[in-house]
Amino acid sequence: MLRTEWIARRHGHANVSQMYYARQGLVTEEIAYVARRENLEPELVRSEVARGRLIIPANIHHPNLEPMGIGIATRCKVNANIGASPNASNLGEEVAKLELAVKYGADTVMDLSTGGGDLDAIRSAIIQASPVPIGTVPMYQALEVVHGNVEKLTPEHILDVIEKHAKQGVDYMTIHAGILIEHLPLTQGRLTGIVSRGGGILARWMLAHHKQNPLYTHFDEIINIFKKYDVSFSLGDSLRPGCQHDASDAAQFAELKTLGELTRRAWAHDVQVMVEGPGHVPMHQIEMNVRKQMQECSEAPFYVLGPLVTDIAPGYDHITSAIGAALAGWYGTAMLCYVTPKEHLGLPNAEDVRTGLIAYKIAAHAADIARGRPGARDRDDELSRARYNFDWNRQFELALDPERAREYHDETLPADIYKSAEFCSMCGPKFCPMQTKIDSKALSDLEAALKPQPVAAQE
């Protein structure tokens, strides 16, 4: 599907954001498309976009995009991060990761490239190849422009990079405008300080220049760029906790209050916003964090990294974080940012992308079931019927990762029997409980056998 004709109708408009049109009472083609995908009424989608509870990231320079919605009214979404670094990966590998992420169900993809070649070329190739929204963190390239020298970085450098990304077709950008100079002392009692790369860059800039965050002071200029191209804000949580010890502290919540202010400033110009959330939070604090974000940010969609519920499992943080992600989604988070097994250890490869994404698709789907979304459990029920009927091929078709399910099944059964076997290799044919078929006749016979017999009359 190409959006070229839809976009052409908006040529010459000063503001082309989905929120602008929704607030005019218009159901855009993108809104109608999202309504069909989500099995929702178009007017509901329009009203949620107008209210700010749902965003449709859809840059007018991304014509091959298949529009999707992020909000409390829609299915819980999953983002996959990819990106080249100075030490690993290249354009070809990143496009391959994108294609793999889309194959396994990523709803959006963020290009977090910090090096490894021509960043503009990498980004352009990813956008051209992607049917899903693409997000970026422009601060990374802004720092590259000045060859890593924070002191030489100017607001003009940052704004130029933001506009470049918008012109290329980036659908949403992480803008770390919420970290203020007065927040920095609040990090002193932390174990891990500032763990956000973008936040760390801005903290160093403020310390070097003794000035306020330039993304905050130039926020209105960023708004003007975004509404020209329909770029959505993903307001970055620079002071997110990087460990259990730092969760829900004064620094995190001070920034969150600023993010709420910025959300409403963007909405005043009809620009779409979602708000990023914490990375490490113990399970008993997750609901409170989601509720607090909704309160501070006027119910703008919440987008969380994880959160990781324990810090002791390097190599398995796709699991520690998927636990927190499922809970966050249940409590109302709109999108989950996946974590791969390589988190904290290195740049993920293709298999890491697959593993992290499937873990998060599980978390998001579990959240949709828990929230009682209409039809969320239909696929589960259908797979369960196929399992009970030993319809292996149908089970594989319905699985989140059909190839992995088939691989595990086939490796322990001879090829000539696996397709029709009414058992798996765990129980075998003699002990399979699903071969215990309790039909109505068997139940009738059982009831008759258990029915008390009349006592014979004594002579």
Any residue in the stretch 50-72 that is of a type outside the set (Lys, Arg), assigned to a helix (DSSP H, G or I) and open to solvent by less than 50 Å² (accessible area, probe 1.4 Å)?
yes
In the stretch 99-113, the residues that are in a strand (DSSP E or B) and in contact with a Lys or Arg (Cβ under 6 Å, 6 or more places away or on another chain):
111
Quick one: is residue 328 surrounded by fewer than 23 Cβ atoms within 10 Å (Cβ to Cβ) and assigned to a helix (DSSP H, G or I)?
no
Candidates 215, 202, 262, 207, filtered to the one that is of a type outside the set (Phe, Trp, Tyr), more than 30 Å from residue 356 (Cβ to Cβ) and in contact (Cβ under 8 Å) with a residue 12 or more places away in the chain
207
Within the stretch 186-228, the residues that are over 12 Å from residue 176 (Cα atoms) and open to solvent by less than 40 Å² (accessible area, probe 1.4 Å) are 187, 190, 193, 205, 206, 223, 225, 226
State whether one or more residues within the stretch 21-28 are within 20 Å of the chain's Cα centre (by Cα) and either in a loop (DSSP other than H, G, I, E, B) or modelled with pLDDT of 95 or more (or both).
no
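For every residue, the table says whether it meets (1) open to solvent by less than 60 Å² (accessible area, probe 1.4 Å); (2) closer than 18 Å to residue 108 by Cα; (3) at pLDDT 95 or above; (4) out of contact with any Cys (no Cβ under 9 Å at 6 or more places or on another chain).
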| position | (1), (2), (3), (4) |
| --- | --- |
| 341 | yes, no, yes, yes |
| 345 | no, no, no, yes |
| 358 | yes, yes, yes, yes |
| 369 | no, no, yes, yes |
| 381 | yes, no, yes, yes |
| 389 | no, no, no, yes |
| 393 | no, no, no, yes |
| 398 | yes, no, yes, yes |
| 409 | yes, no, no, no |
Show the residue pairs that are 6+ apart or on different chains and have beta-carbon atoms under 9 Å apart, the first residue being within the stretch 170-186 and more than 28 Å from residue 62 (Cβ to Cβ), the second being basic (Lys, Arg) and open to solvent by 10 Å² or more (accessible area, probe 1.4 Å).
181/211
Close pairs from the stretch 375-387: first closer than 17 Å to residue 37 by Cα, partner among the β-branched types (Val, Ile, Thr) and modelled with pLDDT of 95 or more, Cβ under 7 Å, at least 6 apart:
376/369; 377/369
Being within 22 Å of the chain's Cα centre (by Cα), of a type in the set (A, V, I, L, M), open to solvent by less than 40 Å² (accessible area, probe 1.4 Å) and at pLDDT 95 or above narrows it down to one residue among 125, 142, 129, 166; which is it?
166
Residue count for the stretch 93-136, restricted to those that are under 19 Å from residue 346 (Cα atoms) and of a type outside the set (A, V, I, L, M):
9
Is the stretch 295-302 home to any residue that is of a type in the set (A, V, I, L, M, F, W, C) and surrounded by fewer than 24 Cβ atoms within 10 Å (Cβ to Cβ)?
no
Which of the residues spanning the stretch 296-324 are charged (D, E, K, R), part of a loop (DSSP other than H, G, I, E, B) and within 23 Å of residue 55 (Cβ to Cβ)?
299
Only residues that are in contact with a helix residue (DSSP H, G or I) (Cβ under 9 Å, 6 or more places away or on another chain) and in a loop (DSSP other than H, G, I, E, B): list them for the stretch 141-187, please.
146, 149, 153, 154, 169, 170, 171, 176, 177, 178, 179, 180
Among residues of the stretch 106-117 being modelled with pLDDT under 95 and in contact with a Leu (Cβ under 7 Å, 6 or more places away or on another chain), the residue surrounded by the most Cβ atoms within 10 Å (Cβ to Cβ) is 113
Just the residues that are open to solvent by less than 10 Å² (accessible area, probe 1.4 Å) and touching a residue at least 40 places away in the same chain (Cβ under 8 Å), please, taken from the stretch 11-49.
16, 17, 18, 19, 34, 49
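The values are calculated or read from the model by the stated rules, or taken from the named source; none is laboratory data. Since the structure is predicted, the reported quantities are computational estimates derived from the model, not experimental observations. Because the Cβ atoms are built from the backbone with ideal geometry, glycine has one as well, and the counts that use them run over all protein chains shown. Side chains included, ligands, DNA and RNA excluded: accessible areas come from the protein's heavy atoms. Shrake-Rupley method; radii C 1.70, N 1.55, O 1.52, S 1.80 Å.
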